[in-house]
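S.K.: The structure's right below; bear with me while I get my questions together.
The values are calculated or read from the model by the stated rules, or taken from the named source; none is laboratory data. Bear in mind that the values here come from a model prediction, so they are computed numbers and not experimental data. Glycine gets a Cβ as well: all are built from the backbone with ideal geometry, and neighbour counts include every protein chain shown.
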Amino acid sequence: MKMRRKMWKERKRNGRVMMRGVRGKRKREGNQRTSRLMRMTTCCSRIITSLASVGQSLETSLSA
């Protein structure tokens, strides 16, 4: 029993909890990856658009 508990703790620490629903877990990881990518792209696009607007406002203020 102690050995099992130790192994479970080690697996939990490694982030690989091998129990029921391994396939479901893999799917979830993939979904997490895609959602993280989407979040990153939206964040980057917001930053780029804000930088573009700042550049445009600077350009208009310098030309006037």
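S.K.: Looking at Arg4, Arg11, Arg26 in this structure, which one is modelled with pLDDT under 85, loosely packed, with under 10 Cβ neighbours inside 10 Å and part of a helix (DSSP H, G or I)?
M.R.: So the residue among Arg4, Arg11, Arg26 that is modelled with pLDDT under 85, loosely packed, with under 10 Cβ neighbours inside 10 Å and part of a helix (DSSP H, G or I) is Arg4.
S.K.: For region 45-64, enumerate the residues that are surrounded by fewer than 10 Cβ atoms within 10 Å (Cβ to Cβ) and part of a helix (DSSP H, G or I).
M.R.: Once the filter is applied, which keeps residues that are surrounded by fewer than 10 Cβ atoms within 10 Å (Cβ to Cβ) and part of a helix (DSSP H, G or I), region 45-64 yields Thr60, Ser61, Leu62, Ser63.
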